[in-house]
Structures are given as structure tokens and as C-alpha cells.
2 protein chains.
Amino acid sequence: MRIHRHIFLAAVLAFAAGVAFGTRALAETDPLPSWNDGPTKEAIVGFVQKVTDRSGPSFVPLKDRIATFDNDGTLWTEHPMYTQLAFALDRIKALAPQHPEWKTQQPFKAVLDNDLKALAAAGEKGLLELVMASHAAMSTAEFETIVTDWFKTAVHPRFKKPYIELTYQPMLELLAYLRSSGFMTYIVSGGGIEFMRPMTEAVYGIPPEQVIGSSIKTKYEIQEGKPVLIRQPEINFIDDKAGKPVGINMYIGKRPVAAFGNSDGDREMLEWTGAGSGTRLMMLVSHDDANREYAYGPANGLPDTKFGTFSQSTMDEAGKKGWVVISMKDDWKRIFGFEP
Amino acid sequence: MRIHRHIFLAAVLAFAAGVAFGTRALAETDPLPSWNDGPTKEAIVGFVQKVTDRSGPSFVPLKDRIATFDNDGTLWTEHPMYTQLAFALDRIKALAPQHPEWKTQQPFKAVLDNDLKALAAAGEKGLLELVMASHAAMSTAEFETIVTDWFKTAVHPRFKKPYIELTYQPMLELLAYLRSSGFMTYIVSGGGIEFMRPMTEAVYGIPPEQVIGSSIKTKYEIQEGKPVLIRQPEINFIDDKAGKPVGINMYIGKRPVAAFGNSDGDREMLEWTGAGSGTRLMMLVSHDDANREYAYGPANGLPDTKFGTFSQSTMDEAGKKGWVVISMKDDWKRIFGFEP
């Protein structure tokens, strides 16, 4: 049926193109207006032309047009901290009145004191404790409501905008361009799957079933005669680094032909994508624009951060394997949709 | 984009219908020719008419038209044993020359001796050992090749046909009917996800990304410079009973509006589906036709079996909650596509 759906879509698009614009006019419309002209943009357009050219050697059938996108730092801003961490900190503060013991207990004390140094010292184990305390022990429906409400009110500390407006306009155009070329676009993120799903359809045009992420376990229970899924304080799956190809295989069962990331956490996803036969496109967003967004990462000779590390060795692998590095500074005409 | 795809699809379908058949002629074509007329068929057609009637109170938007199907005993035969168990036994026999110790070691000895009684005595733990010995310690690509080759040659012991022909013709029509009505059709099976995926697209029209099943863990490794996913002898997820709503939430992130099963293993999936608001359709296939297929299950006053138990308490819940029981004997004009 997916195939049929695609064939119909192709037919109606061809029809619409013929009637509404004329084929020539459509071909002249730039699908990536926020990208500067140059080799990066050419890499994208050239790839799409190749894999959609039915008579060419690189043609990819519609059912195999799978593109996977990391989320944090690839589709939206991940600084000064991952959006989901900002959410977790807000939740801890909101829940604090019910937990007087947090006033003296790390890492909770650090959150309540806004002590980022102590928070960093708590390390990954501390972050996990915060996530479990703020993300579990409720139904999936309750969590969805909390996340949805948070996205309506929370504001990014630097840009003073809702987090869902901190998405990269050029990447939104890329998502739409790939989909209009018959691709299914998936998110493959280290972030929580149920943190992302409430917003991905409205923000990215990506439905819940095309969102892959980290997850905690859920348990089916009957409460007051109604079935619920209760979120357990136990990790189910970490969709990061070597977990990304695992997640892609688990959820999609096909190898992507295009993959987009921005950090060492995306390296294995790009390796896995590139190891398939035929034409492939692997890209890494480089954060090198402190003016319009942020600049970080030792691969750029910039300071490392906890969020979105892009090491020299990943940069080396990119060079060796022909992964295209996107310079936010040079390749993007604008970064956010709210820019003039 | 899914929404756009659906809108385009709806437009082109409406156009095609008008041109090619005339709306009247199309409406008169029976989408379920292998189903006998009667209340069961009416329940299906009535449901589809309601949820697709844009002006009615039960309308379901295209993005939410999710239907989930159990596989064994719902879409294809599960007797005299689950197809995947037949596969595991064949694999054990094929691997036996490399494992001389299996000649004396249960449950392997039982398999090699064709001793079904000893095999049954090995219980679930024994079955798990067989699955781990036959399904793990190779790459996902190698496993896919083995499964694909097995489906080409293995033959059902009673019907003397390849297993992929042991699919129920009325259910194939139901899948197609739902998809032509804008549904996404998912498999949600206790069977292995990577055992099913090599055949679901060709047999059911269901692509890999719409197959949910039990799984073992996989591990990303670089072997001879190439990334591979190696199947580990460790359970990742059991997609059965209370695991089915968990799997549905994990993979789809939406509640189905229709669900189809045939055993106690599907009960929670039907409960979860039925607990949503609005019009829902829950159905259970009852195996009551020993002549044309098999008859089993205490709910039918028939002997219980290890495969596809349908207990009286599930039958009671079906009655109480309005789940429709499909009688293979009475509701299906024919069962297999190969019947005259």
C-alpha cells in the first residue's frame, strides 16, 4: 500500500505540476531557499536528483527512500543545554514541594539552587536520576499532557522564544524537500521518544510513528477499570551512538539512504547509512556561528561542551568517507524562521 | 507530510473513481468477496463507513486510522505449530552437524529425534533455548537470508504448500480494504520481528516499518571494516499479552482504532484499542473449522493446544465488550487463496 500511495502521489504531483505551474516553472522553484548556493546545497540537490532519476544508475525505489535525522543540534538548538534537560529541571522544580528531601539531596539540590557546577559534577548518573524522578511514575497520557503544556509556556533563555521555534529553517526546508521527493523522514535521536512525539508532527511534519528515540520501560495496568501504560523508572533503550543503527533496524527494518547528524552520537548512524550500496548522503551540521546561534566543538578548534560533542576523530572520518559538513555560518542564509 | 500524502491520495482516488468506474459502480464492488454476508461482515463494513464519513460523528482523521493485526492464527495458520517454531526446528537440524553435543542434550535431542513429547516437556525455557541457538550469533543480514531461503522451500505438513500460502484470504481482503480506506495496517505479533519482515511486504502488503514483534538484542560492530548488527542470544522485547500495548505505544505512539487477534495473547491489545474514545472495532478469529483448517480452543468447547489458546475468560470479555468473534466456519466463504 505504501507503494501504491507513493505511485498515486507521484501521479497527482505530476498532474498538479503540469496544471498549476507548468513543469518548467516548478523546476525553477528553489526547494531550499534558506541555503546559500555552493557545494553543500549542491550535494543535497544532486543526491535527490540522482536517487529519483528512474532512468539513472542510482535510482532508489520509493519504498527504500528513508532519511534519518538526529534532533538535538541537527534540527533544533541544543545549547545552552538539551531542551529535554531544561524540561527535566523545570519538572524537578515543579515537583519539589512534594519532595522536601530534595532540598539537601544531590543532584536535586543542585537543580533547586540553580547550581550548574554541582549539576555537572553529578555526571550522567545524576542526570539519569533527574530524568527518572521527572519522567516516570505516571501514565503515558499524563506525561504527554505535561510535555505539551510545557512546550506552550517554556522559553529559551537566550532567544526568548518557545523552544519549538528554535528549529533550523534550512533543515525544515530539507525535510520538506526530501518528503516531496518521496522520502520518509525519521527522527533518530538520543532524546526521549515520548518527549519528542507530542511536538514532531506540528513542528517537523513527522508523525509519531516516524520518531525513534531513547525510552524508559512502560507497564500495562488496569486502573479503575481502564487500561493505562505506566512509565517505569527503568531504562528501556538508549538511542545514541552505536544504539542508533540498532534503533533504526528495530523500528524501520531498512537501512537509510540519507542520514543527518551533528555530533559524535551520530557517527554510527552515518557509518551504517554509508555502508549500504549505491548512492548515499551523509551530512553533519557544524555549529560555527556564535553570532546567530552557537559555536562549539573541538573539531572546529572551538571549546568542547557537554552537549553535542563533535570530535576531531569524527571530523577525520567525515573527510575520509565523504560525509558533507554543513557550516551553519557559511551554508545557511538564515537559521531560524523568526529571523527577518 | 503524511497528511498531505493522504489528502493527495484521497483526491486522486476520488478522481480515479469518477473517471474509471463511476462512483456508483465502485460502491457496488464488494471489497470482501471471501466473507459470507451476515453480521460479522456488516460489522466491518459498518465500521469503515462510520470512521470514513467526514460528516458523521465517528469520523477518524487519516493520520489516526491505525489498525493492528496479530499474525499467527489471525493472518495465517498457527497449527500444528507456529511457523517460526517449524523454522527453528529445521534450523536446529541443519546446524546439528556442527553441534555433536546436541545428540544427547535436551531440548536439542528431542528435535533431532522428532520427539514432540520430550519437546513439549522442555516447556518455554526449552523453546527459548532452541530459538537462541537458531536465531542468534549472526548478523541481521545473514539471518534475513536464512529466513528468506527457508520460506522458499519449507512446506506445511498438512497442506503441502509453502507457509506463505497458508495466509487467510478473507484477512488479506480485509487488510486491502482497510488500506484503501486510508488505514495504516500494522502487524503486532508475538512472533520474531526479523522472522516476519522478510515476507510481510510481499505476502500482506505490509512494509517492514509496520511490523512489530518480539525481538532479541542486536549489537553494532565493525567486522572487516564494515558495520554489522550482530544478533545476541538475549531477549530484547516480548510482544505478547500485556507486551502488545507496550509495543504499539513504543513503535506507533498512537492508539489503534481497530485491532484483530485470535488468542489470549491478543486480549490486552484489544482492551487497549477499545479503551480509546469514539468508534472502535475489535475482532477475534475463532478456529472452528477442522475441515478446511483447524478447530481448537476451550472457548469453543474444543481441546486446548499450546498454540493460540482462546480461553473462556477471553470469550466472556469479548461478549461483555462487544468484540466481534469471527467464525472461520460460518463467516469465511473460503479460507486460503489456493482453494478452488
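Taking only the alpha-carbon atoms of segment B:199-261, what semi-axes of the equivalent ellipsoid follow from 5 times the gyration tensor eigenvalues under a square root, in whole Å, largest first?
Details: eigenvalues 148, 51, 22 Å².
Gyration-tensor ellipsoid for segment B:199-261: 27, 16, 10 Å.
Scan chain B and hand back the longest stretch that contains none of the chymotrypsin sites (Phe, Trp or Tyr not before Pro) lying in DSSP loops with at most 14 other Cβ atoms within 10 Å. List each step's numbers first, then the result.
Numbers: sites that count: B:PHE59, B:PHE159, B:PHE338.
The longest uninterrupted stretch comes out as B:160-337.
Report the residue, chosen from B:PRO162, B:PRO107, B:PRO57, that carries the largest GNM mean-square fluctuation when chain B is represented by alpha-carbon nodes joined by springs under 10 Å.
B:PRO57
Which of the listed residues, A:PRO61, A:GLN312, A:TRP76, is farthest toward the dipole's positive end in chain A, when Lys, Arg count +1 and Asp, Glu count -1 at the beta-carbon?
Among A:PRO61, A:GLN312, A:TRP76, the one farthest towards the positive end of the dipole of chain A is A:PRO61.
Could you put B:LEU32, A:LEU229 in order, starting from the residue whose Cβ has the fewest other Cβ atoms within 10 Å?
B:LEU32, A:LEU229
Alpha carbons only, please: Rg and Dmax for chain B, in angstrom.
Cα radius of gyration and Dmax of chain B are 21.1, 69 Å respectively.
Computed from the mean reciprocal separation of all distinct C-alpha pairs, what Kirkwood hydrodynamic radius does segment A:188-306 have, in Å? Write down the numbers at each step before the final one.
Values: mean 1/r = 0.0607 Å⁻¹.
Hydrodynamic radius (Kirkwood, Cα pairs) of segment A:188-306 is 16.5 Å.
With 10 angstrom as the radius, rank B:HIS156, B:HIS99 by how many other C-beta atoms surround their C-beta, starting from the fewest. Each step should come with its number before you reach the end.
Working: B:HIS156 18, B:HIS99 13.
Sorted ascending by nearby Cβ count, the order is B:HIS99, B:HIS156.
At 7 Å along the Cα-to-beta-carbon direction for both B:ASP113 and A:SER313, put a label point, then send me their distance in nm to one decimal.
5.3 nm
What angle, in degrees between 0 and 90 and rounded to the nearest 10, separates the Cα long axis of helix A:140-153 from the longest principal axis of the Cα atoms of chain A?
With rounding to tens, the tilt is 80 degrees.
Rg and Dmax in Å for segment B:156-204, alpha carbons only: what are they?
12.3, 37
First check a/c for segment B:277-340, with a ≥ b ≥ c the square roots of the eigenvalues of its C-alpha gyration tensor; if it is under 1.5, answer rounded, and if not, answer prolate when a/b is larger than b/c or oblate otherwise. Could you put the intermediate results ahead of the total?
Values: a/c = 2.64, a/b = 1.29, b/c = 2.05.
Here segment B:277-340 falls in the oblate category.
Points 7 angstrom from Cα along the Cβ direction at B:GLU234 and B:GLN105: gap in nanometres?
2.0 nm
Taking the label point as lying 7 angstrom from Cα along the Cα-to-Cβ axis, what are the distances from A:LYS50 to the corresponding position in the remaining copies, in ascending order and in nanometres?
5.2
Report the far tail of the P(r) of segment A:22-137, meaning the percent of Cα-Cα pairs longer than 23 Å.
Cα-Cα pairs in segment A:22-137 separated by more than 23 Å: 55 percent.
Test of understanding: ordering B:SER263, A:SER313 by Cβ neighbours within 10 Å, fewest first, what list do you get? Could the numbers behind the result be given before it?
Values: B:SER263 25, A:SER313 12.
Starting with the residue having the fewest Cβ neighbours, the order is A:SER313, B:SER263.
Starting from the alpha-carbon convex hull of the protein assembly as shown, give the projected area averaged over all orientations, in nm².
On the way: hull surface 134.4 nm².
Average projection, Cα convex hull of the protein assembly as shown: 33.6 nm².
Compute the orientation-averaged projected area for segment A:107-203 from the convex hull of its Cα atoms and round it to one decimal in nm². Walk me through the intermediate numbers first.
Details: hull surface 31.7 nm².
Dividing the Cα hull surface by four gives the mean projection, 7.9 nm².
How high is the FRET efficiency between B:ASN36 and A:GLU221 when r is their beta carbon distance and R₀ equals 41 Å, given to the nearest 0.05? Provide the component values of the computation, followed by the final result.
Details: r = 39 Å, r/R0 = 0.95.
For R0 = 41 Å, the calculated efficiency reads 0.55.
Out of every Cα-Cα pair in segment A:80-157, what percent are more than 19 Å apart? If you can, show how the numbers build up before the last one.
Details: 988 of 3003 pairs.
For segment A:80-157, the fraction of Cα-Cα distances above 19 Å is 33 percent.
Where is the GNM fluctuation largest for chain A (alpha-carbon springs, 10 angstrom cutoff): A:ILE187, A:ILE222, A:ILE92?
A:ILE222
Counting alpha carbon pairs within less than 8 Å and at least 6 residues apart, what relative contact order, in whole percent, applies to chain B? Mind dumping the intermediate values first?
Working: 520 pairs, mean separation 71.6, N = 340.
21 percent.
Add -39500 (n - 2.57) for each DSSP H run of 4 or more in chain B, then divide by its residues: what number comes out at 222 nm, to the nearest 500 deg cm²/dmol? Could the numbers behind the result be given before it?
Values: 14 runs with 141 residues, N = 340.
Computed ellipticity for chain B at 222 nm equals -12000 deg cm²/dmol.
Computed from the coordinates by the stated procedures, all read-outs in this text should not be read as laboratory data. For clarity, every value in this text was computed on a predicted model and none was experimentally measured. When we count neighbours, we look across all protein chains shown, and the Cβ atoms used for this are built from the backbone with ideal geometry, even at glycine.
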